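Everything below concerns the one structure shown next.
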Amino acid sequence: MSIAARIRRIGVPRLIVHISVLFVVLLWLLPTLGILVSSLRDKDQLVVSGWWTAFSSSSQTQASRLADPATQKQEGDRFVIAGNVFENGAGGKISAFGVRVQDPEAFPAGEAADLGDGESLVINEDGTYQYSKNASFEGSRAKRVYLAVATPPIFTLDNYRTVLTSEGIGQSFVNSLTVAIPATVIPILIAAFAAYALSWMKFSGRSLMIAMVVGLIVVPLQMSLIPLLQLYNWIGNVFGVPSKTYAGIWLAHTAFGLPLAIYLLRNYIAGLPKEIIESARVDGASDFEIFVKIVLPLSFPALASFSIFQFLWTWNDLLVAMVFLGTQKDELVLTGALNALLGSRGGNWEILTASAFVTIVVPLCVFFALQRYLVRGLLTGSVKGG
């Protein structure tokens, strides 16, 4: 089947959708793949070439010295110094060499270079060389040469070992989990109860409460940070306890996430079949029993959808964590530690990429574990209403 026939079979609108989805996937996948590959590369290779060249040899300029003049041997009418520039344990394939730092690739490997004054130098691809002169070499200092060396790709886990141990990212990783998991579970529990009450329980002021919830969604988080922190400090002074604790940041994330959680869950729960709820009440079930045994199991897609949003937000949060938890080294969450690392290790790309991938690996696992419920929960909640 030709390409034109396939396009006609699929249809132009569907083809545009497929191309758009492919573009979005590539737009997300390529930077993520780049971070992963860079985090596994040797730091010297990472500096000189991009991640897309990681699986091919990279060229680096190296400085080396030839053997001392004391090792020279006379061969006919010339004096020769021979050896291997890789005798110090390094390796690679030499493509060119030079005797000046300004021009390290002046001569191709394997060809004799005329250095003047009767001197000749040839360096082969394997590192062996022959430096000859028509007179005896004087002095005790070895000649310096510069090499363009093609090295095979090197992958290592040392970057992750450095990040998780000496850089303190491991403790920050634990801190982020300590913040994100309760800050995801608590608002979901509260919002589920509230959503059921606003959907199926009759009481005065219910419409006003729903309107207030919708209104709170649009309130900027930054407007409430300072007043809320002042309230925390006042409570801490009254009871003689520190205001910046994990409990405080859990409550802060719960307060900021509740309006959206209640709105999403209420739309979903209100769209559940009315007959099921009425049949349970006819059988004598209480509201709590209906909620636990019927509503919660049926609402799992919506709960999973909001769990993704809430966990990603709390995991990637920096502002709220710095305000309500602190900036001490043992208190920093992962985003805070990575932000500090950017300031102190701005040139160490191998450390930064490893830290970045450690940061995103947990959200990726959460998203892929729950993504099948995301669209189902959001679409069901958006087309049904109570």
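Quick notes
- Two-decimal Rg to Rh for region 268-308 - Kirkwood Rh, Cα set: 1.02
- Axial C-alpha extent at least 20 Å, average Kyte-Doolittle at least 0.0 - helices from the chain (DSSP): 12-39, 169-200, 221-239, 246-270, 300-316, 349-383
- Calculation over all alpha carbon pairs of region 182-299 in 10 angstrom steps from 0 returns a P(r) of 12, 35, 29, 17, 6, 0 percent.
- With a Förster radius of 41 Å applied to the beta-carbon distance between T128 and L36, the computed FRET efficiency rounds to 0.60.
- Here the mean projected area of the convex hull built on the C-alpha positions of region 224-265 is 3.2 nm².
- For the chain, dividing the convex hull volume of the Cα atoms by the residue count gives 246 Å³ per residue.
- Cα shape, region 94-202, gyration tensor, a/c 1.5 rule: prolate
- Between region 212-241 and region 103-155, the alpha-carbon centres lie 70 Å apart.
- Here K274 is the anchor, and the lysines within straight C-alpha reach of less than 19 Å, apart from those fewer than 8 places off in the same chain, are K202, K293, K384.
- Taking the inverse of the mean 1/r over every pair of distinct Cα atoms in region 72-127 gives a Kirkwood hydrodynamic radius of 12.4 Å.
- Calculated on C-alpha atoms, the gyration radius of region 54-153 divided by its Kirkwood radius gives an Rg/Rh of 0.99.
- Range in the chain, longest, excluding exposed GluC sites (Glu not before Pro) [loop by DSSP; at most 12 other beta-carbon atoms within 10 Å]: 139-386
- Report summary: the helix-based calculation at 222 nm, which adds -39500 (n - 2.57) for every DSSP H run with n ≥ 4 and divides by the residues of the chain, gives -18500 deg cm²/dmol.
- Global size of region 187-251 as Cα Rg and Dmax, reported in angstrom: 15.7, 42
- Residue-level accessible surface for D117, protein heavy atoms, 1.4 Å, Å²: 140
- Heavy-atom accessible area, probed at 1.4 angstrom with all protein chains present, ranks V218, V358 as V218, V358, highest first.
- At 0.890 mPa s and 25 °C, Stokes D of region 146-235 from Kirkwood alpha-carbon radius, µm² per second: 130
- Whole-Å semi-axes of the ellipsoid equivalent to region 283-352 (Cα gyration tensor, √5λ, descending): 43, 14, 7
- Surface composition of the chain: carbon and sulfur make up 64 percent of the accessible area, probe 1.4 Å.
- Accessible surface of R266 - all protein chains present, 1.4 Å probe, nearest 10 Å²: 40
- Cα convex hull of region 240-338, projected area averaged across orientations, nm²: 8.6
The values are calculated or read from the model by the stated rules, or taken from the named source; none is laboratory data. Predicted, not measured: the structure shown is a model, and the values here were computed from it. Note: ideal-geometry Cβ built from the backbone for every residue, glycine included; neighbour counts use all protein chains shown. For the accessible areas, the whole protein counts, side chains as well, though only heavy atoms, and no ligand, DNA or RNA atoms are used. Shrake-Rupley method; radii C 1.70, N 1.55, O 1.52, S 1.80 Å.
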